[in-house]
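Heads up, the thing below is written out as structure tokens.
The values are calculated or read from the model by the stated rules, or taken from the named source; none is laboratory data. This is a predicted model, so every value here is computed, not measured. Methodologically, a virtual Cβ is constructed for each residue, glycine included, from the backbone with ideal geometry; neighbour enumeration extends over all protein chains shown. Please note that ligands, DNA and RNA were not included when accessible areas were found on the heavy atoms of the full protein model with its side chains. Shrake-Rupley method; radii C 1.70, N 1.55, O 1.52, S 1.80 Å.
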Amino acid sequence: MKHAQPVPSLTAPLLTQPLDPFPYYKVLREHYPIYYSTEFRSWFVTRYRDVQQVIADPVLFSSEQALRARTKKAGRSHPQSAPTLLWVDPPRHRQLRSLINLVFTPRTVANLEPRITAIVHAHIDAIVARGSMDMITDLAYPLPIIIIAELLGIPIADQQQFKHWSDVIVSPAREAKRQAVREMNDYFQMVVTARRQEPRDDLISQLLAAKIDDESAMGLSDAEVLSFCRLILVAGHETSTNLIGNALLTLDEHPDALDSLRKDQTLLPQAIEEVLRYRSPLQRLRRAATRDIQFGDALIKAGDIVSPVVGAANRDAEQFDAAETFDIYRNPNRHLAFGHGIHFCIGSSLGRLEARIALAAILERFTSFQRLPDVPLQPVASSFVYGIKHLPMTFRVR
Ligand code: HEM
């Protein structure tokens with residue numbers, strides 16, 4: 001028995017992916033902090049402390065079982081490829097993460113700084129030459145995908161194909177999603193086979209060669225490398241695009257904050273942390289209960305899907321003063337936008353770096369920029385990812 005449901009359901013409005021889900025989160029957080037959503041067929045957990053508890057505990061709240069439940073719901077007996085980092089529990093998670101950490105190091109990310117800067121300025125040059133811009137299509141979207149494609153060693157000519165796959169995979173369209181996953185697997189399979197035969201200086205070749213230096217000399221199978229490629233393409237693309245888009249939208253709404261950044265760019269990193277908190281690119285995560293759990297007033301049954309809503313936790317007044325206010329001076333700011341615990345985002349420093357370089361260049365090159373107020377904002381079609389599809393802006397150049 002789930003707890004008594006208010007009528008109408010409190011999560012029904014979230015089905016339409018509103019641009020302002022925060023008032024709905026507030027009601028949930030304050031009155032129904034552990035709420036069974038019939039629409040999403042999962043428990044919505046919205047208070048900061050509870051969200052943190054769920055994502056810190058892979059024994060009670062499993063990622064692996066959450067994936068299995070999703071696969072079953074989609075009518076498949078097996079996931080379409082080897083389970084990847086995001087969807088495995090310890091001990092396998094620890095082994096995979098150690099292998100990936102050998103290759104995806106802080107130096108890998110730091111070395112990308114000149115290349116990110118060059119790509120950002122080339123895109124701004126094109127915007128200036130054209131005289132008009134959609135910040136998403138013209139900058140926030142292409143930047144992360146070029147970086148990930150280059151990291152993986154994939155020809156940039158296939159960029160449009162990548163856009164299609166990653167858009168479809170985060171969308172609710174089930175059949176299209178399956179098709180995209182199949183195509184992406186075939187594509188990466190081809191690249192993995194080629195790199196096995198002839199390694200190059202890229203992430204895929206390094207992943208294929210990585211071994212944990214112990215007696216087992218364990219490495220990654222081709223299928224695991226393939227799954228990881230697919231994961232970082234999707235996990236590292238939509239999220240970073242939306243971080244940049246959400247930052248520009250939020251700064252447009254908060255001219256005082258924008259002024260402060262113009263006067264002092266050293267504030268950029270903390271402004272980015274505040275955007276991550278205020279408009280988290282990933283709003284909701286996914287786990288499954290491994291046994292019956294009494295959680296507050298709710299009895300979560302073994303196998304039930306649990307959705308820790310980080311976007312709601314990040315606005316919890318118990319954790320953040322003036323939680324609904326965008327404040328670039330907020331300190332401390334222990335938001336959960338990159339998750340928490342063993343699955344903490346492996347690409348957090350890359351996401352932050354891309355956003356910092358993009359915003360710094362925009363501040364430097366444009367003396368002003370403003371959203372076209374007549375163009376309505378369209379949310380990204382996903383109940384997990386938060387962002388806007390387009391952000392047309394007017395601008396003045398130096
Ligand atoms: C601003 C951008 C980003 C945000 C907000 C974000 C958010 C997150 C969150 C919340 C998780 C935890 C998921 C969970 O616990 O279920 C996660 C995991 C992950 N992210 Fe990110 N991410 C971003 C950028 C990136 C980038 C650029 C990459 C890769 C290049 C990446 C790769 C990953 C991977 C591989 C995981 C799984 C880690 C694990 O399970 O151990 N992310 N991300």
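Structure data summary
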item	result
Per residue solvent-accessible surface (Å²) - the stretch 13-397, probe of 1.4 Å	45 Å²
Cα centre as origin, Lys/Arg/Asp/Glu Cβ charges: the stretch 13-397 dipole, Debye	840 debye
Listed residues 356, 174, 29, most fluctuating in the chain (Gaussian network, C-alpha, under 10 Å)	174
The stretch 123-220 - percent of accessible surface contributed by carbon and sulfur, probe 1.4 Å	53 percent
Cα-Cα pairs of the stretch 328-393 separated by more than 17 Å (percent)	66 percent
Amide H contacts under 5 Å for residue 299, placed H, 5+ residues apart	3
DSSP beta bridge pairing in the chain, given as percent antiparallel to the nearest 5	90 percent
Candidates 83, 142, 376: whichever shows maximal mean-square fluctuation once the chain is modelled as a Gaussian network with Cα springs under 10 Å	376
Amide H partners (placed H, <5 Å) of residue 39, local residues excluded	none
Dipole axis of the chain (+1 Lys, Arg; -1 Asp, Glu on Cβ), positive-most option in 382, 326, 141	382
Full-extension gain in nm, residue 94 to residue 262, via 0.36 nm per residue minus C-alpha separation	56.2 nm
Farthest positive-ward along the chain dipole, Cα basis, beta-carbon charges - from 226, 52, 151	226
Projected label distance in nm at residue 117 and residue 200, using a 7 Å step from Cα toward the beta-carbon	2.6 nm
Centre separation in Å (Cα based) which lies between the stretch 160-195 and the stretch 255-275	37 Å
Accessible area of the stretch 278-398 belonging to carbon and sulfur atoms, whole % at 1.4 Å probe	50 percent
For the stretch 11-66 and the stretch 280-356, distance of Cα centres in Å	10 Å
Alpha carbon convex hull of the stretch 13-397, volume per residue in cubic angstrom	145 Å³
FRET efficiency for residue 186 and residue 9, using Cβ-Cβ distance with R0 set to 25 Å, rounded to 0.05	0.05
3J(HN,Hα) from dihedral phi, the stretch 280-292, Karplus parametrisation 6.51/-1.76/1.60, rounded to Hz, x for glycine, proline	5, x, 10, 8, 9, 10, 8, 9, 10, 6, 8, 8, 4
Ellipsoid semi-axes in whole angstrom, largest first, where each is sqrt(5λ) of the Cα gyration tensor of the stretch 233-379	32, 16, 15
Residue-level accessible surface for residue 24, protein heavy atoms, 1.4 Å, Å²	90 Å²
Length-normalised contact order of the chain in % [C-alpha pairs under 8 Å, at least 6 apart]	26 percent
Theoretical ellipticity at 222 nm over the chain - DSSP helices of four or more residues, -39500 (n - 2.57) apiece, nearest 500	-15000 deg cm²/dmol
Nonlocal amide H pairs with residue 282, under 5 Å, H built at 1.01 Å	386
